Amino acid sequence: VCELFAELLGLPSVGLDDNFFDLGGHSLLATRLIARIKSAFGVDVGLRTLFESPTPAGVAGRLDMDDSDSGYDIVLPLRATGNEPPLFCVHPGGGIGWSFMALVRHLDPDIPVHAVQARSLARPQDKRPQDMTEMAADYADHLEATFPKGPYRVLGWSFGGLAAHALATELQRRGRTVELLTVIDVHPGWQGLTHDDVPPLDDQNMRPHLEFLMRLVGLDPDLFDEDVFVFDEVMKLLRT
């Protein structure tokens with residue numbers, strides 16, 4: 001496992017207790033590492049395992065568990081340890097929260113960090129929230145289940161900034177204490193947007209966003225036929 005870590009990170013060697021993400025690993029390399037581990041050992045340890053135990057020793061200790069695809073959980077621990085109240089990071093428009101792993105290494109190591117991800121990634125059969133209010137209520141339920149006592153720290157990036165604001169408002173409506181709300185890179189005129197302003201999901205101008213999602217999970221868009229680049233087809237690829 002140490003050799004696989006070193007190979008993916010481009011390092012001469014990696015120690016048993018070296019942290020994959022502290023050494024420069026990110027979500028794209030993480031998906032490649034999981035694939036290499038599966039090829040070498042015949043076990044799918046799952047992205048959640050790597051996020052929770054990001055060292056060779058931690059991964060090796062869980063090779064007897066086949067823990068495939070928990071990387072799309074609605075609340076995904078990116079750093080499970082720490083004594084401070086956790087920070088919940090709400091996904092951008094693509095629904096995936098893995099990109100917040102790049103933030104983790106810059107935060108106090110005593111702060112647990114969780115990604116909040118779109119329900120339909122892990123549970124495509126579930127009824128989807130119909131609006132921001134329903135989404136905020138759904139996410140609030142999961143935050144309360146994960147961290148019942150509070151207080152709550154919520155961060156959102158891009159679309160997630162809107163969802164984080166709605167989530168914090170819902171938590172306050174329930175009488176919960178919101179200690180921190182951080183909103184990053186949100187369109188300043190979002191209040192005036194309507195569904196008519198959003199392009200159809202299979203419109204050509206969605207192509208860059210769909211390619212970004214594919215790269216985020218380790219897929220090379222250049223290797224796929226043109227008919228893949230519609231929303232529903234890319235979602236199928238993300239779940240496989």
Would you check which residues across segment 198-235 are in a helix (DSSP H, G or I), at pLDDT 75 or above and more than 24 Å from residue 100 (Cβ to Cβ) and list them?
207, 222, 223, 226, 227, 228, 232, 233
Of the residues 111, 74, which single one is among the β-branched types (Val, Ile, Thr), over 21 Å from residue 170 (Cβ atoms) and at pLDDT 90 or above?
111
Restricting attention to segment 158-181, report how many residues are open to solvent by less than 70 Å² (accessible area, probe 1.4 Å) and over 16 Å from residue 90 (Cβ atoms).
1
What number of residues in segment 54-71 are part of a loop (DSSP other than H, G, I, E, B) and either under 16 Å from residue 32 (Cα atoms) or modelled with pLDDT under 80 (or both)?
10
Selection count, segment 112-138, where residues are exposed (fewer than 12 other Cβ atoms within 10 Å of the Cβ) and not acidic (Asp, Glu):
3
Yes/no for residue 32 being within 22 Å of residue 219 (Cα to Cα) and open to solvent by 40 Å² or more (accessible area, probe 1.4 Å):
yes
Do we find a residue being in a helix (DSSP H, G or I) and either under 13 Å from the mean Cα position of the chain (by Cα) or without any contact (Cβ under 8 Å) to a residue 60 or more places away in the chain (or both) anywhere in segment 74-84?
no
Tell me which of these residue 89 doesn't satisfy, since it passes every other one: (1) open to solvent by less than 40 Å² (accessible area, probe 1.4 Å); (2) in contact with a Cys (Cβ under 8 Å, 6 or more places away or on another chain).
(2)
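The values are calculated or read from the model by the stated rules, or taken from the named source; none is laboratory data. Given the structure is predicted, the values throughout are model-derived calculations rather than measurements. Quick reminder, even Gly has a Cβ in these numbers, built from the backbone with ideal geometry, and neighbours come from all protein chains shown. In case anyone asks, the SASA skips ligands and DNA or RNA and just uses the protein heavy atoms, side chains included. Shrake-Rupley method; radii C 1.70, N 1.55, O 1.52, S 1.80 Å.
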